[in-house]
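The values are calculated or read from the model by the stated rules, or taken from the named source; none is laboratory data. Quick caveat, the model's predicted, so the values are computed rather than measured. Note that each Cβ is placed from the backbone with ideal geometry, even for glycine, and that neighbours are counted across all protein chains shown. Side chains are part of the model used for accessible areas, which takes the heavy atoms of the whole protein and leaves out ligands, DNA and RNA. Shrake-Rupley method; radii C 1.70, N 1.55, O 1.52, S 1.80 Å.
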Amino acid sequence: MKIEPRQAEAFLKKPDAKIRAVVIYGNDDGLVAERGSLLAKTVCEDLKDPFRVVDIGGDVLKADPARLADEFSAMSLMGGRRVIRVRPAGEESVAALENLIAAGAGDALVVLEAGNLTPRSNLRTLAETESLLAALPCYMDTAEALEGLVESAARAAGFAVDPAALDWIVDRLGGDRGQTRSEVEKLLLYKSGDGNRTITLEDAVAVLGDTAAVGIDDVIAATFDGEIVALDRALDRVFAEGGNSIQLVRSLQRHADQLHLVSGHAKGGNFESALFKARGLPRGGPVRQRFERHLRAWPLPRLSAALTTILDAEIDCKRTGMPDETIARRLCLRLAQAARQAKARR
């Protein structure tokens, strides 16, 4: 059974009683782990309970595919329903799941945490098509979902988030749920003794500025300036230091959105009166100079085409199974070549 995104939250709170095993997969490792824990806790709140919680590695099932069915049928020595967690799970778990489907009585819940399974994956196909199994996808959060997550976490701690700070945080955190929660918790801890109950842009920069978006500003500058050599160096640096491809794609999208917004409000090519529309843009300095340079180089039709290209790249990251870094690099190069060609025509 395939769990659709709109069904995920309800399923996590109360999984279908007939489901024996759930395969959780996707390119958001943090969300996979979070949902795996939530599902397991619907059976046993204490995930360290040695009598009701069993942890098995996927490689163990490869050597002993009958073990999963045996664990499913076993009874807890102390009573209560059991949960079996398979981490990490991969194609080697298929035979074990087939044995589980054929098994007799048992009431345990099996939770398998996998990586980014392609549509051709046998593990994913089995989970989606078998009525006793469920497949739960976990992809990088959208910008809107991240905004909601940041705001709800802040609200629970008694804080509001300034719009400029929210834009900055979402732009730099990327879509990984685990990373987002960790960084937001760090920000809330920083604000815990502060009498000002609003998280400002200055707060966000003070806490997250050193750890988020390493070198991404250089990638944005080189991409929209059409500087191919500088772009290649900046991309190498970002990915060598653990940069997130989805974060990079969304940063490009945010920059193009801001340019499109300001350009759309400019009258007769006069950008000065429209620049106030750009959130978080400083009044002067190199960042503003770069933004104004990109405004002149990227007219509205070209920005509209760029936004379509960026959206296609994000969809590719989620659906094609192609390495995210390859998609991000190809996107940057394509945009930079467009900028370079526009320069040559001027």
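Where only DSSP H runs of four or more residues are counted, the chain gives -17500 deg cm²/dmol as its mean residue ellipticity at 222 nm, each run worth -39500 (n - 2.57).
The apolar share of the surface of segment 1-149, taken as the fraction of accessible area on carbon and sulfur atoms (1.4 Å probe, ligands and nucleic acids excluded), comes to 54 percent. Here the simple spin-label model places points 7 Å from the Cα toward Cβ, and for ARG81 and ARG340 these points are separated by 5.8 nm. Rounded to the nearest whole angstrom, the semi-axes of the ellipsoid equivalent to the chain, taken from the Cα gyration tensor as √(5λ), stand at 45, 24, 16, largest first. Amide hydrogen proximity for ASN27: with H placed 1.01 Å from N in the peptide plane, the residues at 5 or more positions away or on another chain lying under 5 Å are CYS138, MET140. If I take R0 = 30 Å and measure r between the Cβ atoms of ALA102 and THR326 in this structure, what FRET efficiency does the formula 1/(1 + (r/R0)^6) give, to the nearest 0.05? So the FRET efficiency works out to roughly 0.15.
The packing ranking of peptides 20-32, 44-56, 90-102, highest mean first, is 20-32, 90-102, 44-56, where packing means the average number of other beta carbon atoms within 10 angstrom of each residue. Normalised by residue number, the volume inside the convex hull of the Cα atoms of segment 74-121 is 89 Å³ per residue.
Think of the chain as a dipole: +1 on every Lys or Arg Cβ, -1 on every Asp or Glu Cβ, centred on the Cα centre; then among ILE216, THR125, GLN253, GLN253 lies furthest on the positive end. Given a 1.4 Å probe and the protein chains all in place, what does the accessible area of MET75 round to, in Å² to the nearest 10? Accessible surface of MET75 is approximately 150 Å².
If the only charges are +1 at each Lys and Arg Cβ and -1 at each Asp and Glu Cβ, what is the size of the charge dipole of the chain around the Cα centre, to the nearest 20 debye? Before the final figure, lay out each step's value.
Details: 47 positive and 50 negative charges, 238 e Å.
Computed about the Cα centre, the dipole is about 1140 debye.
Output the DSSP H helices from the chain with an along-axis C-alpha extent of no less than 30 Å and a mean Kyte-Doolittle hydropathy no less than 1.0. Helices passing the filter in the chain: none found.
Among beta bridges from DSSP that stay inside the chain, the antiparallel ones total about 5%.
Label segment 43-158 by shape, choosing from rounded, prolate and oblate, from the square roots a ≥ b ≥ c of the eigenvalues of the Cα gyration tensor; if a/c is under 1.5 it is rounded, and otherwise prolate applies when a/b is larger than b/c, oblate when it is not. Verdict is oblate for segment 43-158.
Please list ARG319, ARG254, ARG340 from largest to smallest accessible area, probe radius 1.4 Å, with all protein chains kept in place. List each step's numbers first, then the result.
Details: ARG319 175, ARG254 50, ARG340 130 Å².
Greatest to least solvent exposure: ARG319, ARG340, ARG254.
Counting only protein heavy atoms and a 1.4 Å probe, segment 1-142 has 47 square angstrom of accessible area per residue.
Take LYS41: with every protein chain present and a 1.4 Å probe, its accessible area is about 90 Å².
Can you give the net charge of the other residues whose Cβ lies under 13 Å from the Cβ of ASN122, counting K and R as +1 and D and E as -1? Once positives and negatives cancel, what remains is -3.
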